[in-house]
Amino acid sequence: MRLVIPLLILFLFRGGPAWAQGAAKSLKRAEELSRSLAYAGAIDAYENLLKKPGDLSPQDLLKAKLGLAEAYYFTKDNRNAERVYQEALQSLPVLKGNDLNAYKRYAQVLAAMGKYQDSRFFWEKYQEFDESEKRSRQFARLYSRPEALLRNQESYSVEYIGLNSAFPDFSPAYYKDGLVFVSGRTQNRSIKRVFNWDNSNFLDLYYVEDKKLLNSEESSGAVLGVGGSNANPYGAAGSGDPLGKDYYTPPTSNDASTIGHTGSEKISGSKDYKETPTVLSVSFSRKLNSKYHEGPSVFYDKGNKIIFTRSAPPSNTSLWTKIRGEEVTRLKLFSAERKGKDWGDIQQLPFNSDAYSCGHPAISEDGRLLFFVSDMPGGFGGTDIYYVIFANGRWGVPVNAGPKINSAGDELFPFLDKAGHLYYSSDGLPGLGSLDLFVAKIDLATRAVISPVRNLGAPLNSQYDDFGILTDSERKSGFFSSNRKRGGSDDDIYRFTRTGPLYGCRDLVVAVRDKRDNSPLENIRFGYKSGSAENYATTGKQGMVSLCLEADQRFVLDFQPEGYESRSVKFSNAESSDFEPDTLVVMLEKVAPVLPEPEVVKAEPREGRLINKWASGQSTSFRAVITDGNGEPIAGARVRWINKCNGTVEEKMSRSDGTVEFTRDLECDYELVSAKAGYALSRDEIEKVVRRTLFGRKVIRPVSASLFNSRLYKVGDVIRLENIYYAADDYKLNQAARNELMKLAEVMKKYPDMVIEVTSHTDSRGSALVNQLLSEKRAKEVHGFLTRYIDKGRVRALGKGESEPMNKCGDGVQCTESEHARNRRTEFRVLRMEKI
């Protein structure tokens, strides 16, 4: 028993089996043993009853089989649990009440045996009988494509270490230079203590003084993960995977029905199994180890304080209750402090109760935030994770960690790293079977969950119980516990090292459609990238393609199909599911025939709205480019072209290169309105190309070859002002700089709610203090010029000295004069403006 399977409740039952009293009495006796959680005795009682069922009715016979299967389920004997559940449920009987849980537990057992497609069937069957059970749908979807959690096996190496014994060994914790862990081994004890749950030994804390001694051992395939090896049984997933193996498409003959597993035929409790540790460990403390269970612990305050789990009987149990063997023992949390060579001042934490259990502590580095597990009333499932705050010298009131962390199942064995990643195990969240390891990021100040809950995937998870992890803030290495070697309650501690990404790739289904009639577009080739490397994919039948994209990244998908407008789409999978694909629908719009190149002349700035004088000879086409404040093109901007003569409005979206085209009447003024979510609205007046004199003669403006540029700004933009350079030790503005600042003043007039911060920078030559003062003078000079035209409250000035060079030219680096000149610059950052 390792404080996980009994759901944190220990019943110490001293009665023995009695099956010679008739079938009905034998059934009643077996049920009493099960209710008292003495499952080892219950198994014997049920097995003997089913060998000679006598005159049991069909209903009682089914009840006996379900009771036996449940006893095997709780003692983690999955092979026998599967055998009995299969016999009991093969006719799919209609069950009610608590008996309905048999379908759920059978599904869990099948997953623990690696039979995911069979498990999927019984999860779906369970949901048919209990429509309120939402998680069954999630499990069924995962088990239609479990390879989603197997893709990252090559990123980790897993080693079986030499401290393990033939008994349960689990839940390591760092202490000094060594490792404290929980074990059921017996050393130098005159009295052997046996726990009636599964006839296993009681648990104590043990210690390996130097973790460097934890040598690895040759591992069989079973210790590495699902399938008995680090290989993905479905093959590598990559871009352009064909659809057909997902929950949203019918299964085919190529869909695997199971993922095989290997392992010893021996299970926990095998009489002939022996294993001798190769690393010496000792009993951790005479004071802490007692006649009861000692379980998972955590150290803090430089190793001088400990919080640990212990099974403790209630303080008010009557003598008659003890004699009858019905004493109920709960798990409780205790604290202790280092006293010389041992521990003292052992005290219960104030929120313990005889009515429920508390255990499995995890604590923040400062010792003020404690996470633990409890089955106290008001939770979401069997056992939930709670937290409690230490303030003013005392522990507060426990708070449930909430539905993002907890499920309708059991959450157990939390661990908190220095960065606020909360690791824990759960059988209520979709996983590879039994207990899986999960992680979520916690804001330690607010205790809020600020990331999705992630399944760690294989090989850290398997179809067996995986729990009790201990790792660093980046999960580069550490230890965890698992019963994957022999199954049952024979837990062992494993060491892992990560050499690849944290997570495997995540699925994205891209569906490309015609915007006009929503018809699918086949054979559309597009590029997608995160960073500089670009990949390509092509849509297949029904205009769809499946991609598997690197986890927690931002991507740009670039579509430039012939006959359709180009489009650029951004996508992030940081919030995506571990196993359910995202779907991205991309609508493409057919393009009009390409028009001739237009021409532009630059306007002289003037008060009020910025005016652009456009001329293109006799051409009736108008082309503009929509960019951000730094001149980078913006795709997907909504652009309106408003005729000021008759009020007609035309609207288009900018292409991937930011361009957009309209047809115009050369004798009319127009307004160009550009908009994009997150940016401020831009309005530009475009003057007519052709004017008529009083005598009707046409006057055509001069022609330029550049595109009209409509710039969109947003809060946070940092925009470098061109041509504002200084001599090495000067701060006065020259005429070129004044002209550039006038353009900025016009922009601020165009956006009357824009507030900016002007920053001035120097090169690294000379004293840092002198450079700081010089940059402040330069910033003040710019501020003084701008506030001649703009309200002072809208411009802030800041000198940053040599602290933020644009190139490598820091102190002591030899650079050319032009390289140093690049660092003598002025930028402005948008602090506030109205956005759409």
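Between Glu632 and Lys274, the simple label model (points 7 Å from Cα in the Cβ direction) yields a spacing of 6.8 nm. Once both labels are positioned 7 Å from their Cα atoms along Cα-to-Cβ, the gap between Gln542 and Val94 label points is 3.5 nm. Computed from backbone phi, the HN-Hα couplings of segment 708-717 come to 6, 10, 9, 9, 10, 10, 9, 4, x, 4 Hz, rounded to whole numbers (Karplus: 6.51 cos²θ - 1.76 cosθ + 1.60, θ = phi - 60°; Gly and Pro given as x).
The overall shape of segment 77-155 is oblate: from the C-alpha gyration tensor, with semi-axes ordered a ≥ b ≥ c, the ratio a/c is 1.5 or greater and a/b is no larger than b/c. The packing ranking of peptides 356-365, 544-553, 631-640, 73-82, highest mean first, is 356-365, 73-82, 544-553, 631-640, where packing means the average number of other beta carbon atoms within 10 angstrom of each residue.
From the C-alpha coordinates alone, can you work out the Kirkwood hydrodynamic radius of segment 770-836, in Å?
Computed over segment 770-836, the radius equals 13.8 Å.
Each residue of segment 43-53 was assigned a 3J(HN,Hα) from its phi angle through the Karplus expression (A = 6.51, B = -1.76, C = 1.60, θ = phi - 60°), giving 4, 4, 5, 5, 4, 5, 5, 6, 6, 9, x Hz with x at Gly and Pro. Over all distinct Cα-Cα pairs of segment 436-593, the Kirkwood formula returns a hydrodynamic radius of 18.6 Å. How far is the Cα center of segment 760-836 from the Cα center of segment 472-538, in Å? Centre-to-centre (Cα) distance: 43 Å.
One Cα centroid belongs to segment 45-78, the other to segment 142-164; the line between them spans 35 Å. Selection among Ala445, Leu432, Gly396 by position relative to the dipole of segment 380-478 gives Ala445 as farthest towards the positive end (Cβ unit charges, Cα centre). Summarising the label geometry, the points placed 7 Å from Cα in the beta-carbon direction at Lys176 and Lys302 lie 1.5 nm from one another. Taking a ≥ b ≥ c as the square roots of the eigenvalues of the Cα gyration tensor, segment 305-456 is classed as oblate, since a/c reaches at least 1.5 and a/b does not exceed b/c.
Sum up the charges of everything whose Cβ sits under 15 Å from the Cβ of Tyr106, counting Lys and Arg as +1 and Asp and Glu as -1, but leave Tyr106 out.
-2
Full extension of the segment from Thr446 to Arg137, taken as 0.36 nm per residue of separation minus the current Cα-Cα distance, would add 108.0 nm. For Lys25, the aspartates and glutamates whose Cα comes closer than 17 Å to its Cα, not counting residues fewer than 8 places off in the same chain, are Asp44, Glu47, Asp55, Asp60. In a fully extended conformation the segment linking Arg368 and Glu87 would gain 96.0 nm over its present Cα-Cα distance, using 0.36 nm per residue.
Listed cross-link partners Lys515/Lys750; Lys302/Lys441; Lys302/Lys332 are compared with a 26 Å cut-off, the Cα-Cα value being larger for Lys515/Lys750. Shown in residue order for segment 579-584 are the 3J(HN,Hα) couplings computed by the Karplus curve 6.51 cos²θ - 1.76 cosθ + 1.60 at θ = phi - 60°: 9, 9, x, 7, 10, 10 Hz (x for Gly and Pro). Excluding same-chain residues fewer than 8 positions from Lys777, which aspartates and glutamates have a Cα within less than 12 Å of its Cα? Candidates past the 8-residue exclusion: Asp729, Asp730. The local environment of Gly402, defined by Cβ-Cβ distances under 13 Å, has a net charge of -1 under the rule Lys, Arg +1 and Asp, Glu -1. Ignoring lysines fewer than eight residues from Lys115 along the same chain, the ones with Cα atoms less than 26 angstrom from its Cα are Lys63, Lys65, Lys76, Lys96, Lys104, Lys125, Lys134, Lys245, Lys266, Lys485.
Compactness ratio for segment 50-197: Cα radius of gyration over 2.2 N^0.38 Å (N = residue count) comes to 1.37.
Peptides 452-460, 747-755, ordered by how many other C-beta atoms sit within 10 Å of their residues on average, highest first, read 452-460, 747-755. One chain, two ends: Glu550 and Arg832. Fully extended at 0.36 nm per residue, the span grows by 98.1 nm beyond their Cα-Cα distance. Using the Cβ-Cβ distance between Asn400 and Glu128 with R0 set to 30 Å, the FRET efficiency works out to roughly 0.45.
Computing FRET efficiency as 1/(1 + (r/R0)^6) for Glu671 and Glu757, where r is the C-beta to C-beta distance and R0 is 22 Å, gives about 0.10.
Please report, in cubic angstrom per residue, the volume enclosed by the convex hull of the alpha-carbon atoms of segment 21-129. Can you show the working numbers first?
On the way: hull volume 9.8 nm³, N = 109.
Residue-normalised Cα hull volume stands at 90 Å³.
Given R0 = 25 Å, the distance between the Cβ atoms of Thr497 and Lys212 translates into a calculated FRET efficiency of 0.95. When the P(r) of segment 422-478 is calculated, the portion above 19 Å amounts to 30% of the C-alpha pairs.
Shape call for segment 390-513 from the C-alpha gyration tensor, a ≥ b ≥ c root eigenvalues: rounded (a/c under 1.5), prolate (a/b greater than b/c) or oblate? It comes out oblate by the Cα gyration axes.
What does the charge count near Asp472 come to, summing +1 for each Lys or Arg and -1 for each Asp or Glu among other residues with Cβ under 9 Å from its Cβ? For residues surrounding Asp472, the net value is +1.
Only the coordinates and a few stated rules stand behind these numbers; no lab work does. Just so you know, these numbers come straight off a predicted model, no measurement behind them. Here Cβ is always computed from backbone atoms with ideal geometry, including for glycine, and neighbour counts include all displayed protein chains.
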